Structure formats: C-alpha cells, structure tokens
Amino acid sequence: MSETDATEARRIAAEARDRARFEEEALGLADQVYRVARRLVGSREEAEDLVQETYARAFRSWRSFTPGTNMRAWLLRILTNLNVDRGRRIQRTPQTQPLEESDYYLANKLATAGGEEVLDQDQVVERLSQDSIVNALAEIQPQFREVVVLVDIGDFTYADAAQILDVPIGTVMSRLHRGRRALKQKLAEEALT
Amino acid sequence: MSREPCDACEELLQDFLDRTLTNDEWAQAESHLSDCDYCRRRYRFEETLRRYVKLSAVERMPPGLMEKLQQLRGFEADGLAPR
C-alpha cells in the first residue's frame with residue numbers, strides 16, 4: 001500500500017467513526033424527538049413517518065452538523081421544516097382563533113366549577129383528564145402549538161425554539177404566551193361542557 | 001387583599017414561572033405571593049398545570065420505531081444540508 005493510500009484509508013476510517021458516533025448520539029435522542037413529533041401532528045402514524053423522515057435526512061446530511069452544538073435542536077429543526085413541507089401546518093386548523101381569555105381563565109373556571117372556590121390547586125388541576133390535555137393541544141393553531149410543544153413539552157429554551165423555528169425570540173415569547181392561553185381556553189371548554 | 005392589584009400580577013405570574021423576571025421584579029413578586037392568598041393559589045394552579053400538561057402530553061416511542069431508525073444508518077451523504 002502506498003503512502004497516499006494509507007493516508008486515504010485512515011481518513012476513511014476516521015470518517016466512519018465520526019459518522020457512527022453522530023448516528024449513536026442522534027438515535028439516543030429519538031425518544032425526545034418522537035415526543036415533540038407526536039404532539040405536532042395528529043396521529044401516531046404521522047409522527048412515526050415524520051421521525052423516520054427526519055432521521056433519514058439527518059443521517060444523509062450528518063456532515064452539516066457542527067459537533068459540540070445542540071443536536072436535539074438540530075434534529076428538531078429538520079423535523080419542523082419537514083412538517084411544514086408536508087403541509088401539516090394547516091392540518092386540523094380552526095380558521096379563526098376564538099377571543100382570547102386571560103391567563104387565569106381556566107383556573108377561575110375550574111376553581112368555581114363546583115359552585116364554590118376550591119382551595120387545593122392540585123385537586124383543581126385533576127379535574128382535567130389527560131385526554132383533554134392532548135385534545136386541547138391538538139386544537140390550538142399550529143403556529144402556537146409548535147412553540148408550546150417545543151418549550152413546555154420538549155423543554156427547549158426560548159433561544160433554541162427561536163433557532164429551530166427560525167423566528168426572533170420575541171416571536172417565540174409572544175406565541176408561547178398566546179399558545180398557553182389558547183390551550184387553557186380549550187381546556188376550559190372541554191372541562192366545562 | 002383587594003382584587004385590583006392582582007390583575008396586574010396575572011401578567012407577571014407567567015414570567016415568574018418562566019424565570020424571566022428581573023431581580024427586582026422577582027423580589028416584588030415573591031413578597032406579593034407571600035401576602036396574597038389569591039395570587040398564591042393561582043400560582044399553584046399555573047405551576048401544577050404546566051407539570052400536568054407535560055406529563056399528559058408525553059407519549060413513548062411506539063415499539064419498532066427504533067429498529068426502523070437503526071436501519072436508516074449509513075445512508076450515503078448526498079451533500080444536502082438540512083435547511
């Protein structure tokens with residue numbers, strides 16, 4: 001083997017190692033990626049497809065990931081872009097956002113639902129079923145849902161969410177605010193009807 | 001405690017939970033919370049709700065998905081960078 005061949009062989013081996021390491025790290029995050037995907041789209045099947053597409057693209061373009069940066073955010077950026085590409089943004093979207101209620105709307109409604117103010121806040125929250133939370137999330141406008149899912153379920157910082165969605169941080173904050181209110185309003189509607 | 005100042009607290013509470021208040025605002029909020037039963041209950045509610053939303057919304061990966069992802073490994077790089 002010539003000198004050049006040996007160098008080339010070492011280069012290829014090193015690259016294979018880098019790639020395998022990248023793939024391992026990405027797969028280690030699959031559970032968290034799925035968690036976000038599942039709440040962004042309407043069904044488990046769609047979420048599975050979306051995660052598979054995300055990993056297919058991530059593995060193909062692994063070289064564009066900068067080692068040492070936030071891989072979870074990098075994967076989620078691919079995922080949210082794919083989600084938009086596939087037109088899921090308009091899925092299950094109510095055409096108009098109902099009138100916004102205040103932050104305390106749900107708390108006030110639930111607390112007095114039994115006719116009398118309840119003192120234990122854990123008990124108040126337990127009046128909501130887990131299903132009602134999942135349904136309410138699915139019903140809020142996609143642009144608000146994205147942010148609520150990333151920050152409140154995916155545990156991303158505002159800065160990460162801004163980077164993932166390619167919007168200014170102020171937009172993340174205002175969408176989050178409105179998204180949480182919309183969620184509470186949906187929950188109030190579900191719980192009290 | 002009168003209701004009126006607490007309408008302003010409603011806005012502050014979300015930032016309090018997000019830990020995005022300045023030190024001064026934080027101190028004010030804490031001192032108010034220790035005095036105001038209404039706000040304290042709303043604080044407990046919002047905090048509990050956030051935890052409950054997270055717990056309710058989390059769904060584990062379906063069985064078999066990890067294997068499918070494993071099979072995607074080793075695809076030739078095609079030079080397409082994610083957008």
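Please report the base-10 log of the normalised intensity I(q)/I(0) for the range B:4-78, using a Debye sum with one equal scatterer per alpha carbon and no solvent, at each q in 0.23, 0.24, 0.26, 0.27 (1/Å).
Results for the range B:4-78 at q = 0.23, 0.24, 0.26, 0.27 Å⁻¹ read -1.06, -1.10, -1.18, -1.22.
Label A:ARG10 and A:ASP85 with points 7 Å out from Cα along Cα→Cβ: what is the distance between them in nm?
Distance between the two pseudo-spin positions: 3.8 nm.
Under 29 Å Cα-Cα from B:LYS68, which lysines qualify once same-chain neighbours fewer than 8 residues away are excluded?
Answer for B:LYS68, where 29 Å is the Cα cut-off: B:LYS54, listed by chain and number.
Straight-line reach from A:LYS109: which lysines have a Cα under 17 Å away, not including same-chain ones fewer than 8 places off?
Within reach: A:LYS184, A:LYS186.
Please list, in order along the range A:147-163, the HN-Hα scalar couplings obtained from phi with the Karplus expression 6.51 cos²θ - 1.76 cosθ + 1.60 (θ = phi - 60°), rounded to whole Hz, x for Gly and Pro.
Values per residue, Gly and Pro as x: 6, 4, 5, 5, 7, 8, 10, x, 6, 7, 6, 4, 5, 5, 4, 4, 5 Hz.
Using the count of nearby Cβ atoms within 10 Å as a rough guide to exposure, how do B:ASP7, A:ASP103 rank from fewest to most? List each step's numbers first, then the result.
On the way: B:ASP7 10, A:ASP103 20.
Neighbour counts put them in this order, fewest first: B:ASP7, A:ASP103.
Since every read-out is calculated from the coordinates, none of them should be taken as a lab result. Small disclaimer: the values here were computed from a predicted structure and weren't measured. Methodologically, a virtual Cβ is constructed for each residue, glycine included, from the backbone with ideal geometry; neighbour enumeration extends over all protein chains shown.
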